[in-house]
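Student: Following this message is one structure expressed as structure tokens.
The values are calculated or read from the model by the stated rules, or taken from the named source; none is laboratory data. Note that the coordinates shown come from a computational prediction; the quantities given were computed from them, not determined experimentally. Quick reminder, even Gly has a Cβ in these numbers, built from the backbone with ideal geometry, and neighbours come from all protein chains shown.
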Amino acid sequence: MLKKVLITIVILLLLFLGFLYWSVNSTSKTFSKSKLISIENTETVNFRDYDSVIIAASDLYKADAIKKLFQGEQYRKAWSAKVKVPILFLDTLYGGMTIIKEGGGNQTHSLKLKSVDGIVYTLRSINKDAKPLIPEFLRTLGLENIVVDGISAQHPYGAVLVAELANSANVISTEPKIYFLPEQDLLGSYNQKFGNRLYMFEYESEGEVNWTKLDSVQEILDTEDLQEWKQELKDSLHIDERALVRSRLFDLLIGDWDRHTKQWGWAVQKLDTGYKATPIAADRDNAFFNLEGIIPSILSNKHVVPELRPFTKEINYMEGLVYPFDRYFLLHTSEQIFVEEAEFLQRSITDEVLENAVKVWPNNITQLDGEMIINTMKQRRKDLRDYAIKFNNIIKSRGKVDEPLKGSEDLTLKNELLNCFECE
């Protein structure tokens with residue numbers, strides 16, 4: 001009897017491994033550009049004769065039943081759905097753009113641009129390139145698709161919904177808009193990599209010219225530069241801690257788990273009482289992160305990748321969402337402020353706000369994912385006060401940071417400023 005049981009277990013295990021390998025080895029592609037539906041030959045068409053195109057973000061994430069079982073449904077339908085988007089020409093946009101440089105990032109191809117009035121913008125590719133993230137051992141085993149397919153958990157158009165919701169939450173966003181960028185003379189040597197692709201066009205979270213609605217902004221800084229300013233200005237520079245708490249609780253509402261230090265900019269105002277830095281959240285690729293299937297469920301286990309938190313109705317492991325960034329800036333922030341900002345968001349992000357916000361998407365995308373996102377956010381909103389208290393308690397229990405923040409490794413800071421922003 002025992003022998004039969006062992007044989008059955010071995011057979012089931014082999015079947016499991018076989019189906020697993022089938023699911024992750026279904027395609028060898030690691031990247032693809034968006035698929036134009038309305039135009040067949042980009043070499044012969046003059047895109048200036050059009051004001052928009054019909055396009056699908058990517059066909060890379062199509063899946064059969066086995067792949068969906070092991071790697072989840074995610075947002076595959078949204079990635080392959082046809083949408084109508086406007087065409088972008090850089091030489092006429094806001095009086096004409098100048099390309100500053102190609103941006104970094106592991107998955108996203110980006111270009112930094114400057115308009116004639118000095119405002120800095122970014123083009124961020126909606127199609128992601130997972131190749132830099134694939135470990136060598138997965139390449140050797142032919143299992144690259146485990147990483148590649150994980151991008152299907154990101155909503156291709158999530159960032160524009162976040163920006164719409166941020167307006168009601170009184171949270172600064174980079175105001176992304178979706179465009180198709182055809183090959184064009186101004187791109188020059190960038191045409192091959194960046195031409196004929198789908199992008200988010202948005203404000204950059206650092207720059208010398210103010211684009212926010214705040215008054216008296218001296219400069220928009222990244223966190224590294226903000227720390228340098230703090231070291232020089234000392235007690236005359238403070239952050240708007242209420243705005244940061246509100247932004248972090250808003251992150252919990254929208255399920256944006258990827259909020260490390262380099263995802264933030266700061267609008268620094270010069271006031272009569274000194275300088276105040278208000279946070280600007282950038283890079284919303286991982287909002288509404290929808291993890292399903294056997295493999296993603298294993299990866300998002302709190303003992304495997306604790307920060308990889310899925311967008312579910314309940315937040316099951318808050319500890320994974322508290323970053324060194326939070327401890328650095330909010331260590332001395334009271335529980336009362338966390339509670340008050342949670343209650344503000346509960347009042348501000350109403351059912352009506354949610355139902356109207358999803359209409360910012362093309363109608364077919366709203367029909368695919370709008371109801372799920374609304375219902376999930378409603379439950380998270382209901383529990384937000386409790387989440388805020390827990391978030392604050394975790395920060396307090398972990399205490400000061402003991403190493404430089406991500407992106408600030410090369411700074412020479414006094415011990416007090418290394419440990420937290422308001423430790424001096």
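Yes/no matrix, rows are residues, columns are (1) assigned by TED's automatic domain parsing to the domain that holds Asp51; (2) more than 19 Å from Thr98 (Cα to Cα):
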{"site": "Val148", "(1), (2)": "yes, yes"}
{"site": "Tyr203", "(1), (2)": "yes, no"}
{"site": "Val217", "(1), (2)": "no, yes"}
{"site": "Gln231", "(1), (2)": "no, yes"}
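Student: Can you list residue pairs whose Cβ atoms sit under 7 Å apart, with the first residue in the stretch 35-49 being closer than 13 Å to Leu198 by Cβ and outside the structural domain of Lys82 (by TED's automatic domain parsing) and the second being exposed (fewer than 13 other Cβ atoms within 10 Å of the Cβ) and at pLDDT 85 or above? Count only pairs 6 or more apart in sequence or on different chains.
Tutor: none
Student: Being in contact (Cβ under 8 Å) with a residue 60 or more places away in the chain, buried (at least 19 other Cβ atoms within 10 Å of the Cβ) and part of a helix (DSSP H, G or I) narrows it down to one of Ile394, Ile373, so name that one.
Tutor: Ile373
Student: Which residue, of Thr212, Thr261, Thr223, is closer than 30 Å to Lys414 by Cα, of a type in the set (Val, Ile, Thr) and over 16 Å from the mean Cα position of the chain (by Cα)?
Tutor: So the residue among Thr212, Thr261, Thr223 that is closer than 30 Å to Lys414 by Cα, of a type in the set (Val, Ile, Thr) and over 16 Å from the mean Cα position of the chain (by Cα) is Thr223.
Student: Now for a different question. Those residues that are in a strand (DSSP E or B) and hydroxyl-bearing (Ser, Thr, Tyr), I need them from the stretch 93-127; list them, please.
Tutor: Correct list: Thr98, Ser110, Ser115, Tyr121, Thr122, Ser125.
Student: Would you point out the residue of the stretch 262-314, among those that are among the hydroxyl-bearing types (Ser, Thr, Tyr) and not in a helix (DSSP H, G or I), that is surrounded by the fewest Cβ atoms within 10 Å (Cβ to Cβ)?
Tutor: Thr273
Student: Name, by its number, the condition in (1) in contact with an Asp or Glu (Cβ under 8 Å, 6 or more places away or on another chain); (2) more than 22 Å from Ala166 (Cβ to Cβ); (3) surrounded by 17 or more Cβ atoms within 10 Å (Cβ to Cβ) that does not hold for Tyr328.
Tutor: Here Tyr328 meets the rest and fails (1).
Student: Still on this structure, I have one more. Being within 15 Å of Ile280 (Cα to Cα), assigned to a strand (DSSP E or B) and modelled with pLDDT of 95 or more is the filter here, so list the residues in the stretch 190-221 that pass it.
Tutor: Those that are within 15 Å of Ile280 (Cα to Cα), assigned to a strand (DSSP E or B) and modelled with pLDDT of 95 or more: Glu202, Tyr203, Val217, Gln218, Glu219, Ile220, Leu221.
Student: Can you name every residue in the stretch 228-261 that is in contact with a Ser or Thr (Cβ under 7 Å, 6 or more places away or on another chain), part of a helix (DSSP H, G or I) and surrounded by fewer than 23 Cβ atoms within 10 Å (Cβ to Cβ)?
Tutor: Once the filter is applied, which keeps residues that are in contact with a Ser or Thr (Cβ under 7 Å, 6 or more places away or on another chain), part of a helix (DSSP H, G or I) and surrounded by fewer than 23 Cβ atoms within 10 Å (Cβ to Cβ), the stretch 228-261 yields Glu241, Ala243, Thr261.
Student: Still on this structure, please answer the following. What are the pairs with Cβ atoms under 9 angstrom where one residue, in the stretch 160-177, is touching a residue at least 40 places away in the same chain (Cβ under 8 Å) and of a type in the set (Val, Ile, Thr) and the other, located anywhere, is in a helix (DSSP H, G or I) and surrounded by fewer than 19 Cβ atoms within 10 Å (Cβ to Cβ)? Sequence gap at least six, or different chains.
Tutor: Every condition considered, the pairs that remain are Val160/Val360.
Student: Is the stretch 120-133 home to any residue that is surrounded by 16 or more Cβ atoms within 10 Å (Cβ to Cβ), more than 21 Å from the chain's Cα centre (by Cα) and modelled with pLDDT of 70 or more?
Tutor: Checking the stretch 120-133: not a single residue is surrounded by 16 or more Cβ atoms within 10 Å (Cβ to Cβ), more than 21 Å from the chain's Cα centre (by Cα) and modelled with pLDDT of 70 or more.
Student: Go through the stretch 321-339 residue by residue and tally those that are without any contact (Cβ under 8 Å) to a residue 24 or more places away in the chain and within 16 Å of Asn170 (Cα to Cα).
Tutor: 0
Student: Next up: Could you list, in sequence order, the residues of the stretch 38-67 that are among the charged types (D, E, K, R) and either crowded, with 16+ Cβ neighbours inside 10 Å or in contact with a strand residue (DSSP E or B) (Cβ under 6 Å, 6 or more places away or on another chain) (or both)?
Tutor: Those that are among the charged types (D, E, K, R) and either crowded, with 16+ Cβ neighbours inside 10 Å or in contact with a strand residue (DSSP E or B) (Cβ under 6 Å, 6 or more places away or on another chain) (or both): Asp59, Lys67.
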